1. Answer yes or no as to whether residue 165 is within 11 Å of the ligand (Cβ to nearest atom), farther than 24 Å from residue 243 by Cα and surrounded by fewer than 16 Cβ atoms within 10 Å (Cβ to Cβ).
2. Is it true that some residue in the range 161-182 is part of a loop (DSSP other than H, G, I, E, B) and either touching a helix residue (DSSP H, G or I) at 6+ places or on another chain (Cβ under 7 Å) or among the aromatic types (Phe, Trp, Tyr) (or both)?
3. What about residue 116, is it more than 17 Å from the chain's Cα centre (by Cα), hydrophobic (A, V, I, L, M, F, W, C), in a helix (DSSP H, G or I) and not assigned by TED's automatic domain parsing to the domain that holds residue 14?
4. Name every residue in the range 230-244 that is in contact (Cβ under 8 Å) with a residue 24 or more places away in the chain and open to solvent by 60 Å² or more (accessible area, probe 1.4 Å), in order of residue number.
5. Report yes if some residue within the range 184-198 is free of Cβ contacts under 8 Å to residues at least 40 places away in the same chain and either touching a strand residue (DSSP E or B) at 6+ places or on another chain (Cβ under 8 Å) or under 20 Å from residue 116 (Cα atoms) (or both); otherwise report no.
6. I'd like the full set of residues that are within 11 Å of the ligand (Cβ to nearest atom) and either buried (at least 21 other Cβ atoms within 10 Å of the Cβ) or farther than 20 Å from residue 68 by Cβ (or both), limited to the range 10-34.
7. With the condition kept exactly as written, say whether any residue in the range 122-145 is open to solvent by less than 50 Å² (accessible area, probe 1.4 Å), within 12 Å of the ligand (Cβ to nearest atom) and closer than 29 Å to residue 229 by Cβ.
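The values are calculated or read from the model by the stated rules, or taken from the named source; none is laboratory data. Small disclaimer: the values here were computed from a predicted structure and weren't measured. Cβ placement follows ideal geometry from the backbone for every residue including glycine, while neighbour counts extend to all protein chains displayed. Remember, those area values only see protein heavy atoms, side chains included, never the ligands or the DNA or RNA. Shrake-Rupley method; radii C 1.70, N 1.55, O 1.52, S 1.80 Å.
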Amino acid sequence: MTRVIITGVKGRMGKALVACAANFRELEIVGKIDAGDDLSAVIAKSDVVIDFSSHSATPGIVELCGKNKKAIVIGTTGHTDTDTFEITKNKTKIPIVWASNFSTGVNTLFWLTRKAAEILGTGFDLEIVEMHHRLKKDAPSGTAKSLAEILADVRKLHLNESARHGRVGIVGERKQSEIGIHSIRGGDVVGDHTVIFANNGERVELTHKASSRDTFANGALRAALWVVKQKPGIYDMQDVLGLK
Ligand code: NAD
């Protein structure tokens, strides 16, 4: 039996995790933590923490896992460079699965995006469009950033220089090195992502649409079962799914 603590348990994802965990016989929830609760008081009785709280809470939660030698699955997005540095420090102590998106479909989209970018080559302009519900706090989505990183990697570009977050005013003609990233917010959209490859005379669009948070929750629970058996290090969902 793998003993799990969920942080951010009262949130949209936290609730989905609790509901979906009921279908995993090999998994037991031993702690439900939200803002104001003391994770350090219950962490000893767990094997793994699943964190869907907030980007600013994640570094402290990972630190506590590091001290207590507990594995962690990180689902939060929107981390600052400092958050990322603090989280990464623990990679020699504990196994960490850190993924911007835990859905199998999106991880397939990651794979297809790499393949399409390799096949289509530099003649195609690259744009990413994402849409989420009106309550989402960070932009662009972590998934859109992951897609942009894949495109930049294939094209051998530095994302900091190539990313073009929206356009307004006299921005001039599009440069070949640009990777456009556009965030739409509205309603209750769980998460839509489209990668556009546009050339003269033709266009390829790869789209994934999530209509239920259960897809992320089931992936994160699967990752929790997997990560407790791994050596210290940082892994992503492609590792969990065996796509590498
Ligand atoms: P939400 O706002 O509904 O829930 C977040 C919960 O975390 C709230 O209940 C809040 O009180 C709690 N929280 C805040 N600070 C905390 C702390 N210090 N300790 C414990 N709990 C704390 O948000 P959500 O839609 O559930 O999303 C949560 C995070 O997960 C976001 O960063 C979101 O972008 C990310 N997300 C990731 C994936 C993925 O597949 N990786 C999918 C969906 C959402």
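1. no
2. So the first thing to find is which residues in the range 161-182 are part of a loop (DSSP other than H, G, I, E, B), and the list is 166-178.
When the remaining residues are screened for being either touching a helix residue (DSSP H, G or I) at 6+ places or on another chain (Cβ under 7 Å) or among the aromatic types (Phe, Trp, Tyr) (or both), the result is 177-178.
Yes, the conditions are met somewhere in the range 161-182.
3. Answer is yes for this residue.
4. 231, 232, 234, 243
5. From the range 184-198, those free of Cβ contacts under 8 Å to residues at least 40 places away in the same chain are none; that's our starting set.
No: zero hits.
6. 10, 11, 12, 13, 14, 15, 16, 17, 33
7. yes
Results for (1) acidic (Asp, Glu); (2) farther than 18 Å from residue 222 by Cβ, shown as yes or no for each residue.
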{"residue": "64", "(1), (2)": "no, yes"}
{"residue": "78", "(1), (2)": "no, yes"}
{"residue": "81", "(1), (2)": "yes, yes"}
{"residue": "96", "(1), (2)": "no, no"}
{"residue": "101", "(1), (2)": "no, no"}
{"residue": "107", "(1), (2)": "no, no"}
{"residue": "112", "(1), (2)": "no, yes"}
{"residue": "115", "(1), (2)": "no, yes"}
{"residue": "119", "(1), (2)": "no, yes"}
